[in-house]
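One structure is given here, and the rest of the page talks about it.
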Amino acid sequence: MNARAALMLAAAALAAGAAGGARDRAPPESAVPAMSAAASTFLGALAPAQRSRAAFEFGSPDRTRWHFLPPETFARHGVTLRELDAGQRLAARELLRTGLSARGYLTADVIMALEEVVRALPQNRLRRDELEYYVSVFGAPESAGSWGWRFEGHHLSLNFTIVNGRLTVSTPTFTGANPAELREGAQAGQRPLGHHEDHARDLVRSLTEAQRARAMISDIALPDIVTLNAWPVEPLSPAGLAAADMTAGQRTILETLIDSYTTLMAPEISAARWKRIRHAGFGKVAFAWAGSTERGKPHYFRVQGPTFLVEYDNTQNEANHAHTVWREFDGDFGADLLRRHHAEDEDHRQDFAVRRRAAQLP
């Protein structure tokens, strides 16, 4: 592992402790102008041939075509970091920064750096490249317009949609880590996604026997996240133990677990996620676990509310390969805002037609 990757992992471990409290902060400034400027700068830095691969129509079916598999098992469209020069790569990374918090950006960087670790393993049979991550822009990146962008490759899929200048909850959001924990070398013990797992394990271990009977959906860990790359997604059953049936202390742990996900994102996105959760009712958010509660053993958990779903599994490679995702039942790829936008457009058209007839205009 090179010095950059080692430094990133060490910093990520320190930054992981910074999660918490985002649900109580004042509403942040809009990130859309910064995203728009960064996307425009990125596209402007590309050569024509590169831009033709990176830029898509907003209505392109590729916008909702996503995955977390390695590129050789899921072909992607866009322009990769590998084919960019230093200035273009910096512009791509500046775009990435606009959608994430400092901790989220660092986590993404660690995930990419882990490709180098896997490439060095003797049992690895697939191509691994820390620069084979694709950047795609859908539509014209105008602050007041409707457009989107994605940053994606193995174990990383970050999707953002802006509708009429409003930033959506920006899902699906997928992160993965292989290895989930570095078990040898100078950086042994580093766990890029370990904060998710630790908070969830704290919660399941705090449950009474009666609570655990409701939260435990299987003694055997599920082999992967259930939703995979499906779109749209529906609530999963069984749901688990609801927050309304937890103690105050347990609800605090659950909030901290959710915070470990929301605080990966830019403040505006983090605040929007919590606003939706509160509006739908935090007491309806449920926690479920499958598999062993012992660290290092295969396990799976989910957090599910009326509007969202978090899944996490660590089962592959002797429980040292983690996948986790945040989904919105109505909001993935900005679907809810787009439906509202189209409905409002139709209302406006009908209203204009009525007024036009009343005024006897041609």
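Points worth noting:
- Qualifying residues in segment 179-212 (those that are touching a Leu at 6+ places or on another chain (Cβ under 6 Å) and of a type outside the set (A, V, I, L, M, F, W, C)) - the one farthest from Trp149 (Cα to Cα): Gln211
- Residues satisfying the stated conditions in segment 52-67, i.e. under 20 Å from Trp326 (Cα atoms) and without any contact (Cβ under 8 Å) to a residue 24 or more places away in the chain: Arg65
- Segment 79-95, residues that are buried (at least 20 other Cβ atoms within 10 Å of the Cβ) and under 19 Å from the mean Cα position of the chain (by Cα): Ala92, Leu95
- Positions within segment 31-49 being farther than 15 Å from Arg150 by Cα and surrounded by 15 or more Cβ atoms within 10 Å (Cβ to Cβ), in sequence order: Ala31, Ala34, Ala37, Thr41, Ala45, Leu46
- Some residue of segment 242-255 being within 17 Å of the chain's Cα centre (by Cα), over 24 Å from Gly165 (Cβ atoms) and β-branched (Val, Ile, Thr): no
- Pairs are defined by a Cβ separation below 7 Å, a sequence spacing of at least 6 or placement on different chains, a first member in segment 280-293 that is more than 14 Å from Ala319 (Cβ to Cβ), and a second member that is basic (Lys, Arg); the pairs so defined are Ala288/Arg302.
- Odd one out for Leu241 among (1) under 15 Å from Phe301 (Cβ atoms); (2) crowded, with 18+ Cβ neighbours inside 10 Å; (3) touching an Asp or Glu at 6+ places or on another chain (Cβ under 9 Å): (3)
- Qualifying residue in segment 133-156 (condition: within 17 Å of Arg340 (Cα to Cα), among the β-branched types (Val, Ile, Thr) and surrounded by 23 or more Cβ atoms within 10 Å (Cβ to Cβ)): no
- Qualifying residue in segment 302-322 (condition: more than 30 Å from Trp147 (Cβ to Cβ), touching a Lys or Arg at 6+ places or on another chain (Cβ under 9 Å) and of a type in the set (A, V, I, L, M)): yes
- Flag for Glu116 being of a type outside the set (S, T, N, Q) and surrounded by fewer than 21 Cβ atoms within 10 Å (Cβ to Cβ): yes
- Where strands (runs of 3 or more DSSP E) fall entirely within segment 133-222, those with at least 2 residues that are closer than 30 Å to Ala91 by Cα and at pLDDT 95 or above are at 134-138, 147-153, 156-163, 173-177.
- In segment 243-270, the residues that are free of Cβ contacts under 8 Å to residues at least 40 places away in the same chain and basic (Lys, Arg) form Cβ pairs under 7 Å with partners that are surrounded by 18 or more Cβ atoms within 10 Å (Cβ to Cβ) and assigned to a helix (DSSP H, G or I), at six or more places apart or across chains, as follows: Arg251/Ala243.
- Take the conditions (1) farther than 18 Å from Arg82 by Cβ; (2) of a type in the set (D, E, K, R); (3) at pLDDT 85 or above; Arg125 misses just one of them, which is (3).
- Against the criterion of being buried (at least 21 other Cβ atoms within 10 Å of the Cβ), within 20 Å of Gly176 (Cβ to Cβ) and more than 20 Å from the chain's Cα centre (by Cα), Gly296 does not qualify.
- Residues (loosely packed, with under 13 Cβ neighbours inside 10 Å and in contact (Cβ under 8 Å) with a residue 24 or more places away in the chain) located in segment 221-237: Pro223, Glu234
- Scanning segment 147-197 for residues that are without any contact (Cβ under 8 Å) to a residue 60 or more places away in the chain and within 19 Å of Ala31 (Cβ to Cβ) returns a single hit, Phe151.
The values are calculated or read from the model by the stated rules, or taken from the named source; none is laboratory data. All values reported here derive from a predicted model rather than from experimental measurement. Every residue, glycine among them, receives a Cβ derived from its backbone with ideal geometry; neighbour counts consider all protein chains shown.
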